[in-house]
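Enquirer: Take this structure, written in structure tokens, and hold onto it; I'll ask about it next.
The values are calculated or read from the model by the stated rules, or taken from the named source; none is laboratory data. Predicted model only: the values in this text are computed from it and were never measured. No Cβ is skipped: glycine too gets one built from the backbone with ideal geometry, and neighbour counts run over all protein chains shown. With ligands, DNA and RNA removed, areas are computed over all heavy atoms of the protein, side chains included. Shrake-Rupley method; radii C 1.70, N 1.55, O 1.52, S 1.80 Å.
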Amino acid sequence: MRTFETLTACGLAFLMLAPQPSIYGQAADPKKTKLELTIDNIMRGPGLVGYEPQGVRWSQDASKLYFQWKRYSDPIEAPLDTYQIERNGSGLKKLNDEEGKSVPPLAGNSSKDKLWTVYEENGDLFLYDHAKGQPRQLTKTADVESRPRFLQDQKRVSFVRGGNLFVMSLDVPMVTQMSDIRPAGSAPAVTSVSGRGARAAAPVSGTDPQKGTDSQEFLKKQESDLLDVIRDRAKRREELDAKRKKENPRKPFLLTARQTLGTLELSPDEKYVIATVNEIAEGAKTTVVPNYVTESTYTEQIPSRTNVGDTESRARIVLIDTITGKTKWVDHGLTKIVPAKDGEKASAPVERSVQLSVPLWNEDGSRAVLLARAADNKDRWILSLDPNTGKTKVVVTMHDDAWVGGPGAFTLGWMKSGNDIYYQSERDGYSHLYTVSLSGDEPRQLTRGAFEVTGVQLSRDKSTFYLTTSEVSPAEFHFYSMPAEGGARTKLTSTTGRHGVTLSPDEKWMADIYSYVNQPPELFVSKNKQGSAAMKLTDSPAPEFWNYSWLDVPIVEIPASDGAKVPGKLFKPANFKKGGPAVIFVHGAGYAQNVHRGWSANYYREYLFHNFLVEHGYAVLDLDYRASSGYGRDWRTAIYRFMGGKDLEDQLDGKKWLVATQGVDANRIGIYGGSYGGFITLMAMFTKPGTFAAGAALRPVTDWAHYNHGYTSNILNQPQQDAQAYQQSSPIYHAAGLRGALLICHGMVDVNVHFQDSVRLVQKLIELRKQNWETAIYPLEDHGFIQPSSWTDEYTRIFKLFELNLKK
């Protein structure tokens, strides 16, 4: 990578990023007793490293900050508390429930002038006055109100209640229903007759207008002809029905049995309710996860998900006229040609299966755009919408022969003109910021280079973009400002590490969640000005955390067999002896980044464990292998149709590098990881027999045909259409190759990678008569463990596996 210094060792070139100072100014105190590095101690998790401040927001005058936080000593399953601190660092205080009500909400919809926010809390609506720092309760009902939004006049808000959209005035006590949406099986509204007029009511004897069978209709006519009172009632009902329809001509919108309601929003001109309707796939089967340890003492079932390739639900958008109730389904107009079979004529274009997002309107409400994604994941579009016709027009097309993705894939916003939009695309191989006019001009690229844009926001006056990018190096994330029309960027953060900035309402101050390799995330504050000094506001870890010299791990580059350079972090004892043991750690998710200069938020326990391994004489290599995030489109899609291909080859090249340059014994190397890392561990142990002496596969995917649709179909297509991709990528088909010692660990209530994955693999290993494996199960744990005792047990077993097999 371009910013790293090139070094040479044992004839092989590699790169190393040297440790850098941070703004913490905090290190181990040699006068204090050194922290005892035991597995039990480090697997305390947040009880040792503390909790990251979250949900940062400012007071309107930027004098105070509020955030969600817990102290390291708080119970692990307790919710985060609300804290307040002055911008100058004084007055840190945990707010009680009553005090917390006066704090700006975590989420909501703000007025155009940003002085008000309407939000939902516990099913009721509130209006927050930022100038006074006070909330005002708008509803207090047994019903659940949600999704409040300011209307164009800023004097009213729309909201959802009971599956319908309502509008509430903020000045006078007036609520208006804007839709009449009814679930399948709802009884029709029937007009009740009384001396006080008409109202909607349950059917009354003798007033049922529904048509019956021939015999029933004969009896009804006979009764009307025979009795004057029945004939008079029918006449009055018909008159009242006609009056009601004249006064309220809105037709109800009836959902079918397989339709459920998603979002509801009001168009800016208030002519349409825009409804997202989810159509449940017919025949789809949802997996259930058994939960064996319960309060009831009985085995209970946790609903989970469908598997990849099963019939998928789809989301459609319907425009419902607020006066008449007439409907128009949004027509995306996207088609494709189905390839003709031998001897057949080419078919006419067929409608593509496409998922649509909720429309995004410009500030004056005159234009709307929405995102569309093809079900086969190869295409995404930005469409403009004409609500009067329901028709759309393609503004931007994004295509990838593998799958469309990358950071910012769902970024979409309006520029100041109200005619131009901004979005992110991997059009040039890296995720960058673009603008395009709805008038039909070509997109204009605002950022470019071999780096990724990972965060985008437009200033309040829409004159400036604030960006988070990796342009200094893939290992650093900094905050920049840039003119909205593009041009030179100003780097607003300076310290090496990872920055996550929240601007004050006046955009003069930055609240920064900053971390470094060996220093957990903390809240800092500084002026929104290049070179401004940052002041630390929080101290999250337990005091004893600082009584250990945690490694400031260097970043290296591994030469891959295909010529690529694979970034990695190298943990190594200062007195490492030639011929010593090593472990390769494989991060999870596939599309994630763990080789950077910030704190490893998702893998900090592994970071602590690697410090522990170093104390016991191990070198550890942690790679951002092919498919990791942060390195552009080609790196991201390198595993298309073959997971366990290039991503595994990178681990093998890492092993070669350890042997060739670091003096590691080739026969004393282990591998481990969780989730995707567990999958790679299995592929290494099964498809490259004898390469690793031992492997620990934690919560591993063993058969991709049993994983979810959204993730898996991107990479491997669908199993019924691309069986080869699934078979070559699924460890269970290669289990016969196992030679080294294998440990499999899995939580039994894992609703992501199901425990069933490991159960099926265990059965396969039994049938293969394999003996060199063992498994550990965790009855109360989901995909991400919670209890320190579970973490401790798992990593004690991993350490034992390595001690027994790598130190022979």
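Enquirer: Identify the residue in segment 365-380 that is at pLDDT 95 or above and out of contact with any Lys or Arg (no Cβ under 8 Å at 6 or more places or on another chain) and, among all such residues, is farthest from V330 (Cα to Cα).
Expert: K378
Enquirer: Which one of these does V118 not meet: (1) more than 30 Å from S790 (Cβ to Cβ); (2) assigned to a loop (DSSP other than H, G, I, E, B)?
Expert: (2)
Enquirer: Could you look through segment 661-687, keep only residues that are open to solvent by 30 Å² or more (accessible area, probe 1.4 Å) and touching a Gly at 6+ places or on another chain (Cβ under 8 Å), and pick out the one that is nearest to E557 (Cα to Cα)?
Expert: D665
Enquirer: Name every residue in segment 524-542 that is under 28 Å from F571 (Cβ atoms) and either in a strand (DSSP E or B) or under 29 Å from the mean Cα position of the chain (by Cα) (or both), in order of residue number.
Expert: F524, K536, T538, D539, S540, P541 - these are the residues of segment 524-542 that are under 28 Å from F571 (Cβ atoms) and either in a strand (DSSP E or B) or under 29 Å from the mean Cα position of the chain (by Cα) (or both).
Enquirer: Also, quick follow-up: Might you check whether a residue that is open to solvent by 70 Å² or more (accessible area, probe 1.4 Å) and modelled with pLDDT of 95 or more occurs anywhere in segment 21-40?
Expert: Yes: segment 21-40 contains one or more residues that are open to solvent by 70 Å² or more (accessible area, probe 1.4 Å) and modelled with pLDDT of 95 or more.
Enquirer: Shifting gears a bit: Considering only segment 451-514, give the strands (runs of 3 or more DSSP E) lying wholly within it that have at least 3 residues that are open to solvent by less than 10 Å² (accessible area, probe 1.4 Å).
Expert: Per the criteria, 464-469, 478-483.
Enquirer: Are any residues in segment 693-706 surrounded by 24 or more Cβ atoms within 10 Å (Cβ to Cβ) and in contact with a Ser or Thr (Cβ under 8 Å, 6 or more places away or on another chain), and if so, which ones?
Expert: G695, A696, A697, L698, R699, P700, V701, T702, W704 - these are the residues of segment 693-706 that are surrounded by 24 or more Cβ atoms within 10 Å (Cβ to Cβ) and in contact with a Ser or Thr (Cβ under 8 Å, 6 or more places away or on another chain).
Enquirer: Separate question: Report yes if some residue within segment 777-798 is more than 29 Å from the chain's Cα centre (by Cα), in contact (Cβ under 8 Å) with a residue 12 or more places away in the chain and not in a helix (DSSP H, G or I); otherwise report no.
Expert: no
Enquirer: Among the residues of segment 219-255 satisfying the criterion of being part of a loop (DSSP other than H, G, I, E, B) and in contact (Cβ under 8 Å) with a residue 60 or more places away in the chain, which is least open to solvent (accessible area, probe 1.4 Å)?
Expert: L255
Enquirer: Working carefully through the options G598, G588, G644, G632, find the one that is more than 18 Å from Y516 (Cα to Cα) and either surrounded by 24 or more Cβ atoms within 10 Å (Cβ to Cβ) or in contact with a strand residue (DSSP E or B) (Cβ under 9 Å, 6 or more places away or on another chain) (or both).
Expert: So the residue among G598, G588, G644, G632 that is more than 18 Å from Y516 (Cα to Cα) and either surrounded by 24 or more Cβ atoms within 10 Å (Cβ to Cβ) or in contact with a strand residue (DSSP E or B) (Cβ under 9 Å, 6 or more places away or on another chain) (or both) is G588.
Enquirer: Also: Would you tally the residues in segment 453-483 being touching a His at 6+ places or on another chain (Cβ under 8 Å) and either of a type in the set (A, V, I, L, M, F, W, C) or closer than 18 Å to F410 by Cα (or both)?
Expert: Here the count works out to 7.
Enquirer: Among the strands (runs of 3 or more DSSP E) contained in segment 267-338, which hold 1 or more residues that are modelled with pLDDT of 95 or more and either more than 30 Å from V157 (Cα to Cα) or of a type in the set (K, R) (or both)?
Expert: Where strands (runs of 3 or more DSSP E) fall fully within segment 267-338 and carry at least 1 residues being modelled with pLDDT of 95 or more and either more than 30 Å from V157 (Cα to Cα) or of a type in the set (K, R) (or both), they are 288-291, 300-303, 327-329.
Condition check ((1) among the hydrophobic types (A, V, I, L, M, F, W, C); (2) modelled with pLDDT under 95; (3) touching a helix residue (DSSP H, G or I) at 6+ places or on another chain (Cβ under 9 Å)) across all residues:
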| position | (1), (2), (3) |
| --- | --- |
| P505 | no, no, no |
| A511 | yes, no, no |
| S515 | no, no, no |
| A534 | yes, no, no |
| S540 | no, no, yes |
| E544 | no, no, yes |
| Y604 | no, no, yes |
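Enquirer: Which residue, of A189, A184, is out of contact with any Leu (no Cβ under 7 Å at 6 or more places or on another chain), among the aliphatic types (A, V, I, L, M) and either modelled with pLDDT under 65 or open to solvent by less than 90 Å² (accessible area, probe 1.4 Å) (or both)?
Expert: A189
Enquirer: Could you please find all residues in segment 726-748 being aliphatic (A, V, I, L, M) and either closer than 28 Å to E781 by Cβ or surrounded by 20 or more Cβ atoms within 10 Å (Cβ to Cβ) (or both)?
Expert: Correct list: I732, A735, L738, A741, L742, L743, I744, M748.
Enquirer: What number of residues in segment 707-725 are under 20 Å from R760 (Cα atoms) and open to solvent by less than 10 Å² (accessible area, probe 1.4 Å)?
Expert: Within segment 707-725, residues that are under 20 Å from R760 (Cα atoms) and open to solvent by less than 10 Å² (accessible area, probe 1.4 Å) number 2.
Enquirer: I would also like to ask the following. Quick check: is even one residue across segment 340-357 surrounded by fewer than 18 Cβ atoms within 10 Å (Cβ to Cβ), of a type outside the set (S, T, N, Q) and in contact with a helix residue (DSSP H, G or I) (Cβ under 9 Å, 6 or more places away or on another chain)?
Expert: No: zero hits.
Enquirer: Taking segment 472-500, which residues are within 28 Å of D622 (Cβ to Cβ), out of contact with any Asp or Glu (no Cβ under 8 Å at 6 or more places or on another chain) and hydrophobic (A, V, I, L, M, F, W, C)?
Expert: Listed by number, the residues that qualify are V472, A475, F477.
Enquirer: Being open to solvent by 40 Å² or more (accessible area, probe 1.4 Å) and under 19 Å from V308 (Cβ atoms) is the filter here; which residues of segment 760-783 pass it?
Expert: R760
Enquirer: Criterion first (buried (at least 21 other Cβ atoms within 10 Å of the Cβ) and within 26 Å of P543 (Cβ to Cβ)) does V525 satisfy it?
Expert: Against the criterion (buried (at least 21 other Cβ atoms within 10 Å of the Cβ) and within 26 Å of P543 (Cβ to Cβ)), V525 qualifies.
Enquirer: Please work out which one of (1) assigned to a loop (DSSP other than H, G, I, E, B); (2) under 21 Å from D653 (Cα atoms); (3) within 31 Å of the chain's Cα centre (by Cα) is the condition K578 fails and give its number.
Expert: With respect to (1) assigned to a loop (DSSP other than H, G, I, E, B); (2) under 21 Å from D653 (Cα atoms); (3) within 31 Å of the chain's Cα centre (by Cα), K578 is out only on (3).
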